[in-house]
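Computed from the coordinates by the stated procedures, all read-outs in this text should not be read as laboratory data. Just so you know, these numbers come straight off a predicted model, no measurement behind them. Here the Cβ is made from the backbone with ideal geometry for all residues, glycine too, and neighbour counts use every protein chain on show.
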Amino acid sequence: MSEKLQKDYLDDLPKSIVDQIESVCAKKKLNEQQKAKLIEEVRKEYLKSMYQPGEAIGIITAQSISEPATQMTMRTYHFAASAGIQVTLGLPRLIEIFDARKEPTTPMMTIYLKQKYNTKEKAEEFAKMIKEKKVKYYATEVSTDLTNKKIKIVLEKAKKSEMEEIIARLQKSLKGFEVKEAQKSVVIQAKQDTSIKELEKLKKKVLALYVTGVQNIKNAVVVKEGENWVVKTLGSNLEYVLKMEEVDSTKTYSNNIHEVASVLGIEAARNVLIKEINDTLKQQGLNVDERHITVVADIMSLTGEIRAVGRYGVAGTQSAVLSRAGFEETIKHLVKASVRNEVDEFEGIFDNVMINQQVPVGTGMFELVARIGEEE
Amino acid sequence: MLKQENKIDVLSHELVPKHYIVSEDEKQKVMEKYRITKMNQFPQIKASDPAVRAIGAKPGDLIKIIRKSNIAKEVVYYRLVVEE
């Protein structure tokens, strides 16, 4: 390493180490000279423990995460009859995260409430309020009159204001049908030439119509977490919930990575990514160093959007043709590359292995340059 | 219907680390430090990213992000604002 490069790295010891140096200095009452010496020693050790330039950390990361993951398949439990929300765990969840699916199989939110609402009663009331309610929720009896082409829905549970809401929404979404309100029930009159199949379809549509609550939130339970009463939900709608008055918008969390990316930004999504991978592994009793997970998260968020690890993401968008072809779908990539007249610069690892050349890893990354007659 | 406050304060959320716009001077220093010759060597962030909009950065700006880390407490990261 050149003198200059060394100086750059020496200038920024991580904050945790700096803090530790400070605390040791305070405890042992070191003077300036001793402190300078301590810092010098710590820096030496720090530099020694760092990865050397050219180290293939990607491969080390891949190994460190995949090896424990092979142990996961056999150990997936289901917690039958437990209170709370059933979440996808273990290997399926891990695959889901690395594939960067648009919607996780069980999207989930943890909603923290503001101090004012942080009681059991208020939290329960809030949970009840945000649960998405469809016409189906209020309906106690549904009957279809096939001769007169009528659908009658009895709504015993609905209060007067909710009744109005339902009628208004029905009228808005069912154009061309007659919606009549009767005693605690709604009658929908379809045209006389409607077939039975269409009538059934209409019934389904009506029952699935959204009335109140927060859309997409299928269930909400109140859980005590330390001092706080938090609401855990199945289904997530972060954007809407963060705007609500009762919600502590500094802590509320969603496990839907793409949703977090669009509402709070790529850096927040990266944090969720790390937390989700970490939690999934920890929950299975596996211990993977956080540094490896950070490498994956950094690569997945490199371009400003979350990319999957695989054919359509990180590996599929490499610039070198042979690297792509060597990964998956060889023929497709080679044909496309020849049509487009692409050039492979042989700067990557995979393509160089293929043609039996020195790979740019470790010492293979550097070349020596002799500077004859140059003074230090 | 449920009540809605108007705006989400993105930067106050605990998942969002601190974002700063880097001055032209500092930008040169950063590029020198990390031996960056082409701008596309920087990690990127979209101009439409909520955090970028919150601090009012434009495409071409460099953003300094101070992340919290369990290992090093604080980590400095840079991202270049790019158009969609």
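Across A:M109, A:M365, A:M300, mean-square fluctuation computed from a Gaussian network of chain A (C-alpha pairs under 10 Å connected) peaks at A:M365. Each residue of the stretch B:64-75 was assigned a 3J(HN,Hα) from its phi angle through the Karplus curve 6.51 cos²θ - 1.76 cosθ + 1.60 (θ = phi - 60°); the sequence is 9, 10, 9, 8, 8, 9, 6, 8, 9, 6, 9, 10 Hz, with glycine and proline shown as x. How would the stretch A:321-365 be classified by its alpha-carbon gyration tensor: rounded, prolate or oblate, with rounded meaning a/c under 1.5 and the a/b versus b/c comparison settling the rest? Taking the square roots of the gyration eigenvalues as a ≥ b ≥ c, the stretch A:321-365 is prolate. A simple count of charges around B:S12, restricted to other residues whose Cβ falls under 12 Å of its Cβ and scoring Lys, Arg +1 and Asp, Glu -1, yields 0. Picking from A:N341, B:A47, A:V263, whose Cα lies most toward the positive end of the charge dipole for the protein assembly as shown (charges on Cβ: Lys, Arg +1; Asp, Glu -1)? Toward the positive end, the furthest listed residue is A:V263.
Rounded, prolate or oblate: which fits the protein assembly as shown, taking a ≥ b ≥ c as square roots of the Cα gyration tensor eigenvalues, rounded meaning a/c under 1.5, else prolate when a/b beats b/c? Judged from the Cα gyration tensor, the protein assembly as shown comes out prolate (a/c at least 1.5, a/b above b/c).
Springs join every pair of Cα atoms under 10 Å in this Gaussian network model of chain A, and among A:E246, A:E41, A:E305 the largest mean-square fluctuation is at A:E41. Within the listed set B:D49, B:D61, B:D25, the residue fluctuating most in the Gaussian network model of chain B (springs between alpha-carbon atoms under 10 angstrom) is B:D25.
Does anyone have the angle between helix A:32-49 and the longest principal axis of chain A? Alpha-carbon axes, 0 to 90°, nearest 10? Between helix and principal axis, roughly 70 degrees. Taking other residues whose beta carbon is less than 14 angstrom from the beta carbon of A:T144, and scoring Lys, Arg as +1 and Asp, Glu as -1, yields +4.
Look at the dipole of the stretch B:12-82 built from charges on Cβ: of B:A72, B:I21, B:V82, the Cα furthest out on the positive end belongs to B:A72. Pairs over the 32 Å Cα-Cα cut-off, from the set A:K128/A:K180; A:K120/B:K73; A:K232/A:K282; A:K251/A:K282; A:K336/B:K33: A:K120/B:K73; A:K336/B:K33.
Residues whose amide H comes within less than 5 Å of that of A:M108, counting only those at least five positions distant or on another chain, are A:G235, A:N255, A:N256 (H built at 1.01 Å from N in the peptide plane). The charge dipole of chain B, taken about its Cα centre with unit charges on the Cβ atoms of Lys, Arg (+1), Asp and Glu (-1) only, comes to about 240 debye. Applied to the stretch A:136-146, the Karplus parametrisation 6.51 cos²θ - 1.76 cosθ + 1.60 on θ = phi - 60° returns per-residue 3J(HN,Hα) values of 3, 5, 8, 6, 9, 8, 10, 9, 10, 9, 6 Hz, with x for Gly and Pro. When you filter the trypsin sites (Lys or Arg not before Pro) in the stretch B:1-70 for DSSP loop state and at most 16 other Cβ atoms inside 10 Å of their Cβ, you are left with B:K3, B:K7, B:R35, B:K38.
Evaluating 6.51 cos²θ - 1.76 cosθ + 1.60 at θ = phi - 60° for every residue in the stretch A:337-346, the Karplus couplings come out as 5, 6, 5, 8, 6, 7, 10, 9, 7, 6 Hz, glycine and proline recorded as x.
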